[in-house]
1. Run the numbers on the chain and let me know its relative contact order in percent, using alpha-carbon pairs under 8 Å that are six or more apart.
2. Taking the Cα of THR150, stepping 7 Å toward and past its beta carbon, and measuring to each backbone N in region 113-137: which are under 20 Å?
3. Once you sort the root eigenvalues of the Cα gyration tensor of region 70-223 as a ≥ b ≥ c, which label holds: rounded (a/c under 1.5), prolate (a/b larger than b/c) or oblate (the other case)?
4. For region 198-326, compute the orientation-averaged projected area of the C-alpha convex hull (one quarter of its surface), in nm².
5. How high is the relative contact order of region 1-84, in percent, with contacts defined as C-alpha pairs under 8 Å that are six or more residues apart?
6. Take the chain, mark every one of the GluC sites (Glu not before Pro) that falls in a DSSP loop and has at most 10 other Cβ within 10 Å, then report the longest stretch left between them, sites excluded.
7. Quick one: if the Förster radius is 51 Å, what FRET efficiency do ASN133 and LYS50 give, using the C-beta to C-beta distance and rounding to 0.05?
8. With all protein chains present, calculate the accessible area of ASP166 using a 1.4 Å probe and round the result to the nearest 10 Å².
Amino acid sequence: MKKILVTGGCGFVGSSLAHRLREDFPQSEIICLDNLKRRGSELNLSRLRKAGIRFIHGDIRNKEDLEVINNIDLLLECSAEPSVLAGINSNLAYLINTNLIGTINCLELARKCQAKFIFLSTSRVYPIRTINNLQFQEGETRFELLNEQTIPGVSSQGFTEKFPLDGARSIYGTTKLASEFFVQEYVDMYGLQAVINRCGVITGPWQFGKVDQGVVVFWIAKHFWKQKLSYIGYGGTGKQVRDVLHVDDLYDLLLLQLNDMEPHSGQIYNVGGGREISISLLELTALCEKFTGNRIEIQQIPEDRPSDIRVYLTDYGKINQATGWKPKRKVDQIIQDICQWTRNNEHLLEGILK
């Protein structure tokens, strides 16, 4: 691959993947395109420059910004308005134009260049009400899915790609699902080599977490700087559960897909840490206390928020069977890595994360 384009390249996922690509493809030209809208993304500019990665200040909503880029061999579509709450108290047009129209613009560029295309989708394509109506039990520190369910595609191990898509999923999730449909159409109609990875919670150092996106880093930061937090919804117990995936584990998977793209083209894979690498907010609090040494006040708010879900776990059996991939970095290691990164960059980060 002589030329690689990473959209959303100054965001957490995009910049992290670009740095790993630079290590493994030292002769390739790597370009990161970003509109720098998200606060903190500007901190990645110097990091990219030091790594020899080219930056283009552009926006995937504007096809003209993409038309100046030619002859790419790979397009990693990492750009997004990533908040599940987007459109509720924010600009709906930006959400749709970025997550749907922007993806179509990227697909057109990949088609023009006959480039491989990897689309980072989301577990949020699955309908909220269906998820919250699943059978579960309440344990001491977390909610647990029961193994026997009346709906296909889910068990105590998590959600497979066969989980039903009927129902509402948030405007954010809808834009990503619609983009998936377009990716599949481009594969079928134009012969584009493309794969869709439905990712759960991705995290790691250099993520600038907020309450509605990047919750692991957000939770750690609030402990590090001794600020208040709240357990919101489901009784205010903090037992909501997500699986988490270190961004380096995501890269390991993408490298397997890139090295043998043809059998994966047109496929959809659920990608995440799975049952083994999952955590509740209550359990996350305990690890934050352990690695920061700080205990903070956490308010209990029993009322549910719009678009929230009780439990999501990724069943990554399909991609494991296809490639042998399995995430390696465990929860304790992930939390410790982020805490150490925060400590090492305290003065740089306090204006953004504090």
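The values are calculated or read from the model by the stated rules, or taken from the named source; none is laboratory data. The structure presented is a predicted model; accordingly, all values stated were derived computationally and were not measured. Note that we place each Cβ from the backbone using ideal geometry, even for glycine, and neighbour counts take in every protein chain shown. Keep in mind that these areas ignore ligands, DNA and RNA; they rest on the heavy atoms of the full protein, side chains included. Shrake-Rupley method; radii C 1.70, N 1.55, O 1.52, S 1.80 Å.
1. Details: 730 pairs, mean separation 61.7, N = 354.
Taking the mean separation of contacting Cα pairs over the length of the chain, I get 17 percent.
2. Inside the label zone: 127-137.
3. Values: a/c = 1.98, a/b = 1.46, b/c = 1.36.
Prolate, since a/c reaches 1.5 and a/b exceeds b/c.
4. Numbers: hull surface 34.3 nm².
Its average projected convex-hull area is 8.6 nm².
5. RCO, region 1-84: 41 percent.
6. In short, 149-296.
7. Working: r = 49 Å, r/R0 = 0.97.
The formula returns an efficiency of 0.55 here.
8. Probe radius 1.4 Å; accessible area of ASP166 about 130 Å².
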